[in-house]
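Data block below; observations after.
The values are calculated or read from the model by the stated rules, or taken from the named source; none is laboratory data. If you're wondering where the values come from, they're calculated on a predicted model, not measured in any experiment. Quick reminder, even Gly has a Cβ in these numbers, built from the backbone with ideal geometry, and neighbours come from all protein chains shown.
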Ligand code: HEM
């Protein structure tokens with residue numbers, strides 16, 4: 001980590017505030033001058049996007065809470081009241097519901113970015129662990145929030161997920177009843193979920209502060225996975241990173257708005273517009289899309305306790321990732337073999353998500369077992385073994401060298417692309433010329449054929465002339481044979497010609 005230059009306010013007011021609360025130097029040093037690796041790509045903008053989404057969720061959640069009633073008899077109707085009667089209530093509710101999905105989308109990109117570039121490796125282990133903690137709290141927050149509209153999916157998702165704890169040996173039943181506040185999911189469950197749902201986002205915000213503190217203490221990783229060595233390897237946080245983050249956040253919000261205004265219910269389940277009914281179980285109880293891979297793992301194991309343990313283990317394993325990867329190179333950019341398996345992991349998670357949306361029967365369960373097995377094999381076997389045996393490509397000595405390598409690479413690629421394009425254009429031209437020549441040749445041939453045909457047609461017609469009954473035959477034309485010119489042509493009006501039989505005209 002490079003030294004950050006100390007800032008001393010110049011104005012009298014600045015100095016007065018600074019000597020009592022060093023907030024001015026904190027902002028200047030940490031968010032303006034802060035040295036950031038100069039090779040960060042757009043995957044590094046998702047931290048800021050997550051921060052924006054957290055603020056969106058907090059603000060819209062607080063406004064929703066002003067109109068929502070956490071009671072089993074009124075919760076569903078209070079949501080309808082928000083949608084229909086409260087000014088812009090529909091917008092605030094849709095922002096909050098879709099915002100949760102986009103928050104998770106961004107967090108998945110953020111986590112996979114970390115896995116790809118080895119951002120969990122020393123000295124960023126605590127930063128990573130805080131991230132996994134945030135993710136766990138996010139999952140709990142999302143789940144408690146989904147229960148609040150008290151629709152069919154809310155009620156039954158709450159029943160399924162809380163019932164998981166009944167798998168705990170001996171204490172299962174009492175734990176579940178303690179969670180419910182009764183003998184089934186009911187009003188006390190709704191009220192405590194509401195209380196937790198209001199509280200947890202502030203816990204997330206607190207852990208995010210620690211997360212960013214840890215980040216600023218050790219500095220950002222970067223696509224090359226090597227630490228900055230000199231000032232030349234970095235750029236100041238403002239304007240370079242702030243502007244890039246702002247741009248990415250706007251693009252992300254445009255995508256978010258598209259869902260919000262054109263497909264606000266696409267990511268939700270239609271059954272949640274049916275009021276909760278403890279007597280009617282929906283045909284398929286499915287959680288929100290962002291829980292689906294874990295839901296598939298839960299159901300992949302036939303034993304209930306086993307399923308619950310596997311599901312929790314799939315997140316717990318993330319805490320240990322920093323110590324499961326011994327490779328010399330952090331960034332997957334320099335590890336072609338591991339890179340392949342990284343993308344298999346991504347595909348596996350998407351596949352598990354798809355399986356989670358299917359009923360837990362037949363081939364779906366078997367496939368989910370394979371998918372779950374790969375997930376664990378990836379972290380527990382492939383990551384350590386490949387880390388030891390794969391020989392990474394040569395690492396650049398500095399970030400500046402990595403940037404130059406990138407530029408040279410890009411230029412090489414551009415050059416290759418240009419050459420390919422030129423070769424394609426030349427080939428296209430040659431093909432066109434060939435085609436044109438072939439066409440001309442064909443036309444010439446056709447014309448010659450037609451001429452030959454015409455000639456052939458003309459000849460028999462000429463030969464047929466004497467057969468015209470109205471005209472005398474050659475033999476009958478003694479005077480012609482006697483024409484001096486004709487007779488003079490060698491081989492034409494030969495003396496025997498007059499005796500030749502006249503060709504018969506057929507047809
Ligand atoms: C509310 C959720 C979260 C917020 C607001 C948040 C915020 C941030 C911010 C602002 C950064 C710096 C910019 C960047 O590198 O993108 C960052 C970096 C990082 N975050 Fe998060 N984060 C969240 C969740 C997570 C989770 C769930 C994980 C992992 C499980 C995680 C792991 C990391 C790591 C390893 C870095 C350092 C990246 C690097 O320097 O290469 N974060 N986070």
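Residue check: residue 348 meets all listed conditions (1) modelled with pLDDT under 95; (2) closer than 26 Å to residue 327 by Cα; (3) in contact with a helix residue (DSSP H, G or I) (Cβ under 8 Å, 6 or more places away or on another chain) but one, namely (1). Taking the conditions (1) farther than 30 Å from residue 211 by Cβ; (2) at pLDDT 95 or above; (3) surrounded by fewer than 20 Cβ atoms within 10 Å (Cβ to Cβ) in turn, residue 170 satisfies each one other than (2). Restricting 200, 210 to residues that are out of contact with any strand residue (DSSP E or B) (no Cβ under 9 Å at 6 or more places or on another chain), in contact (Cβ under 8 Å) with a residue 60 or more places away in the chain and within 17 Å of residue 129 (Cβ to Cβ) narrows the list to 210.
Summed over the stretch 326-339, the residues that are in a loop (DSSP other than H, G, I, E, B) and farther than 9 Å from residue 118 by Cα give a count of 4. Of all the listed residues (260, 209, 253), the sole one being away from the ligand (no atom under 16 Å from the Cβ), assigned to a helix (DSSP H, G or I) and at pLDDT 95 or above is 260. Among the candidates 46, 103, 31, the residue that is within 16 Å of the ligand (Cβ to nearest atom), assigned to a helix (DSSP H, G or I) and without any contact (Cβ under 8 Å) to a residue 60 or more places away in the chain is uniquely 103.
Matching residues to (1) surrounded by 12 or more Cβ atoms within 10 Å (Cβ to Cβ); (2) not in a loop (DSSP other than H, G, I, E, B):
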position: 224; (1), (2): yes, no
position: 227; (1), (2): yes, no
position: 238; (1), (2): yes, yes
position: 243; (1), (2): no, yes
position: 249; (1), (2): yes, yes
position: 283; (1), (2): no, no
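Close Cβ contacts (under 9 Å, 6 or more residues apart or on different chains) running from residues in the stretch 119-140 that are not assigned by TED's automatic domain parsing to the domain that holds residue 329 to residues that are assigned to a helix (DSSP H, G or I) and within 6 Å of the ligand (Cβ to nearest atom) are absent. Taken residue by residue, the stretch 176-184 has at least one member that is part of a helix (DSSP H, G or I) and surrounded by fewer than 18 Cβ atoms within 10 Å (Cβ to Cβ).
Condition check: closer than 30 Å to residue 150 by Cβ, within 16 Å of the ligand (Cβ to nearest atom) and assigned to a helix (DSSP H, G or I). Does residue 91 satisfy that? When the stated conditions are applied, residue 91 does not pass them.
For the stretch 148-179, which positions are farther than 20 Å from residue 312 by Cβ and without any contact (Cβ under 8 Å) to a residue 60 or more places away in the chain? Break it down into steps so the answer makes sense when it comes.
Let us first name the residues in the stretch 148-179 that are farther than 20 Å from residue 312 by Cβ, namely 148-156, 177.
177, the sole residue that qualifies.
Out of 389, 380, one residue alone is touching a residue at least 60 places away in the same chain (Cβ under 8 Å) and either in the same structural domain as residue 223 (by TED's automatic domain parsing) or surrounded by 10 or more Cβ atoms within 10 Å (Cβ to Cβ) (or both). It is 380.
Let's see how each residue does on (1) under 30 Å from residue 196 (Cβ atoms); (2) within 33 Å of the chain's Cα centre (by Cα); (3) free of Cβ contacts under 8 Å to residues at least 24 places away in the same chain:
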| residue | (1), (2), (3) |
| --- | --- |
| 19 | no, no, yes |
| 42 | no, yes, no |
| 51 | yes, yes, no |
| 57 | yes, yes, no |
| 60 | yes, yes, no |
| 75 | yes, no, no |
| 81 | yes, no, yes |
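Here residue 13 meets the list (1) surrounded by fewer than 16 Cβ atoms within 10 Å (Cβ to Cβ); (2) closer than 24 Å to residue 205 by Cα almost entirely, failing just condition (2). The residues in the stretch 106-131 that are outside any helix (DSSP H, G or I) and within 10 Å of the ligand (Cβ to nearest atom) can be counted, and the count is 5.
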